[in-house]
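Values quoted throughout were computed directly from the atomic coordinates according to the rules given, and no laboratory measurement underlies them. Every value quoted in this text rests on a predicted model; they were computed, and no experiment measured them. Cβ sites come from the backbone with ideal geometry, for glycine too, and all protein chains shown count toward neighbours.
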Amino acid sequence: MPAWAGPPYETDDPEPTELRHWEIYAFATVDGQSSDLDGAAGLDLNYGAAKGLQLTATLPFAFEDTTPGGWRSGSGDVELGAKYRFVNDEQGGWQAAVFPRVILPTSDRDLGGHRVRLLLPLWAQKDFGNTSVFGGGGYEINPGAGNKDFWQAGLAVTHDFTKTLSLGTEVTWQSADTRGGESSAGVNLGLIQKLGGPYSLLLAGGPSFSGGQASYHGYAALALNF
């Protein structure tokens, strides 16, 4: 089973892409509440640039359907990141990494942010045979009118039931990212099914809650590892 870095979970893990290998996800993600939704589709590119170092670029096409605004779509905010694993205890099953990301205001039609944002997380993982527990979180610098910096965290548990099938679950939390906003918490179930050769199917989804209101999250991707 290839070690997918994070997807389909919102919680990331500390394992980088293998040296001189690629992980490419053709993904679609959606978040919604009642009849309103927003999301993105695009490519998530990961490359093992050096031992313990992964370079990442996320290139999204964003969309939104709200009442009364209706449907709109356009380019989303590009993300650039570098994951560096500084702990890799293979005998003890421990790993840890930092994964800073820069989120650029490249969207149009007001489908993203208007200022450069910076996410500064720390992720750790412990393996127990075919079961992995990983999690952590970080702080996002979120400038702009009405915005505020915020914390986010997550914890996931996955199990490889066969050589081709992995199932897992996660809990996530984020503090308010706008002035006067509410914190949110969510639960997701995830699946990774290896399809043969370098391809895998990734799925995840579940509810989240903020200010007494429920919403939903969904993620799907076709992954290529070579």
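Brief remarks on what is shown
- Just checking the listed ones, GLN174, GLN213, GLN91: in the Gaussian network model of the chain with Cα springs under 10 Å, the one fluctuating most is GLN91.
- Rounded to the nearest 20, the size of the Cβ-charge dipole of segment 30-158 about its Cα centre is 420 debye, with Lys and Arg at +1 and Asp and Glu at -1.
- Exposure rule at most 11 other beta-carbon atoms within 10 Å, DSSP loop trypsin sites (Lys or Arg not before Pro): the chain longest free segment: 52-162
- Neighbour net charge for GLN95 - beta-carbon separation under 13 angstrom, K R +1, D E -1: -3
- Extending 7 Å from Cα along the Cβ direction at LEU53 and again at LYS126 yields two label points whose distance is 3.1 nm.
- Length gained on full extension, LEU224 to ARG115, computed as 0.36 nm times the residue gap minus the Cα-Cα distance: 36.1 nm.
- Contact order normalised by residue count of the chain, Cα under 8 Å, 6+ apart, percent: 18 percent
- Computed from backbone phi with θ = phi - 60° and the Karplus coefficients 6.51, -1.76 and 1.60, the 3J(HN,Hα) list for segment 130-138 is 8, 10, 10, 10, 9, x, x, x, x Hz; x is used for glycine and proline.
- Built amide H within the under 5 Å cut-off of ASP149, gap 5+: ASN142
- Of the GluC sites (Glu not before Pro) found in segment 45-133, those in coil by DSSP whose Cβ has at most 11 other Cβ atoms within 10 Å are GLU90.
- Over the chain: Rg over Rh, Cα atoms, Kirkwood Rh: 0.95
- Net charge of the neighbourhood of THR56, taken over other residues with C-beta under 12 Å away and scored Lys/Arg +1, Asp/Glu -1, is -2.
- The separation of segment 78-127 from segment 49-67, counted between C-alpha centres, amounts to 10 Å.
- As a rough footprinting exposure proxy, the listed residues ILE192, ILE141, ILE24 were ranked by other beta carbons within 10 Å of their own, and the order from fewest upward is ILE141, ILE24, ILE192.
- Between ALA214 and TRP71, the C-beta separation translates, for a Förster distance of 22 Å, into a calculated FRET efficiency of about 0.45.
- Members of LYS126/LYS194; LYS126/LYS148; LYS148/LYS194 lying beyond 29 Å, as alpha-carbon distances in this model show: LYS126/LYS148; LYS148/LYS194
- Karplus-derived HN-Hα couplings along segment 193-206 (A = 6.51, B = -1.76, C = 1.60, θ = phi - 60°), whole Hz, x at Gly and Pro: 10, 6, 9, x, x, x, 9, 9, 9, 10, 9, 7, x, x
- FRET E, pair ARG20, ASP160, Förster distance 22 Å, beta-carbon r, rounded to 0.05: 0.35
- Length released on extending from TRP151 to LEU203, taking residue separation times 0.36 nm less the Cα-Cα span: 16.2 nm
- Bridge orientation summary for segment 116-177: considering DSSP beta bridges with both residues in this region, about 100 percent are antiparallel.
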